[in-house]
Amino acid sequence: MATVAVYPGSFDPLTNGHVDIITRGARLFDRIIVAILVNAEKSPLFSMAERIEIARAVFKNHPNVEIDTFDGLLVDYVARRKANVIVRGLRAVSDFEYEFQMALMNRELASTIETVFMMPAVQYSYISSRLIKEVFSLGGRVHGLVPELVEARLRDKQTAKV
Ligand code: PNS
């Protein structure tokens, strides 16, 4: 039986930490579906169409990486996609409590779906989408922390504002 994993999140925007986890997941599982949550935030910086386009462009040479969207309960989406694993990245101890609660709640809801935690490379262990947006909006450098396409799109958004 093929092992299909779902890697859910907001990806607003995709960071090199996410890219690292997806790349590792693509080596470990037969297929990994990057599932972008619809309506996670009322006013995301990147529209859903942009987030899909960016992720598809970054993983265009990875045939076993699929980009999709979902809403509603994650476990329902995972079952619908006939997947058996939820992948979540763990950066630091501070992530653990929230992730632990989610993993056990998801197990309560769907006992056959297993959550697998993966650690990103250490150089990405402090990166979050929230910090990327904050640092960039205040004039800080995010080069090397996000895919080049994300950096370019951040610049476009800044230019469009002035
Ligand atoms: O990486 P993020 O943006 O914090 O992802 C959070 C996400 C999408 C994994 C979580 O919010 C989620 O699963 N939402 C879907 C609704 C759901 O199933 N909630 C119960 C989770 S225990």
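The values are calculated or read from the model by the stated rules, or taken from the named source; none is laboratory data. If you're wondering where the values come from, they're calculated on a predicted model, not measured in any experiment. For neighbour counting, all protein chains shown are included, and Cβ atoms are generated from backbone atoms with ideal geometry for every residue, glycine included. Side chains are part of the model used for accessible areas, which takes the heavy atoms of the whole protein and leaves out ligands, DNA and RNA. Shrake-Rupley method; radii C 1.70, N 1.55, O 1.52, S 1.80 Å.
Only one residue in Arg107, Arg141, Arg130 is open to solvent by 50 Å² or more (accessible area, probe 1.4 Å), basic (Lys, Arg), over 18 Å from the mean Cα position of the chain (by Cα) and within 13 Å of the ligand (Cβ to nearest atom). Which one? Testing whether each residue is open to solvent by 50 Å² or more (accessible area, probe 1.4 Å), basic (Lys, Arg), over 18 Å from the mean Cα position of the chain (by Cα) and within 13 Å of the ligand (Cβ to nearest atom) leaves just Arg107. Cβ-Cβ contacts under 9 Å between residues 6 or more apart (or on different chains), taken from a first residue in the stretch 125-147 that is in contact (Cβ under 8 Å) with a residue 40 or more places away in the chain and closer than 14 Å to Asn16 by Cβ to a second residue that is in a loop (DSSP other than H, G, I, E, B) and open to solvent by 60 Å² or more (accessible area, probe 1.4 Å), are listed as Ser125/Arg91; Ser125/Met119; Ile127/Arg91; Ser128/Arg91; Ser129/Leu45. Screening the stretch 1-12 for residues that are buried (at least 18 other Cβ atoms within 10 Å of the Cβ) and over 22 Å from Val142 (Cβ atoms) and picking the one that is nearest to the ligand (Cβ to nearest atom) gives Pro8. Once the stretch 13-33 is narrowed to residues that are within 11 Å of the ligand (Cβ to nearest atom) and outside any loop (DSSP other than H, G, I, E, B), the residue that is most open to solvent (accessible area, probe 1.4 Å) is His18.
Let's see how each residue does on (1) small (Gly, Ala, Ser); (2) buried (at least 17 other Cβ atoms within 10 Å of the Cβ):
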| residue | (1), (2) |
| --- | --- |
| His62 | no, no |
| Glu66 | no, yes |
| Thr69 | no, no |
| Ala79 | yes, no |
| Ala83 | yes, yes |
| Ile86 | no, yes |
| Phe100 | no, no |
| Ile113 | no, yes |
| Gln123 | no, no |
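Between a first residue in the stretch 74-90 that is farther than 19 Å from Met1 by Cβ and a second residue that is open to solvent by 60 Å² or more (accessible area, probe 1.4 Å) and more than 13 Å from the ligand (Cβ to nearest atom), which pairs have beta carbons less than 9 Å apart while being 6 or more apart in sequence or on different chains? Sorted first by the residue in the stretch 74-90, then by its partner, the pairs are Gly89/Met119; Leu90/Phe96; Leu90/Met119.
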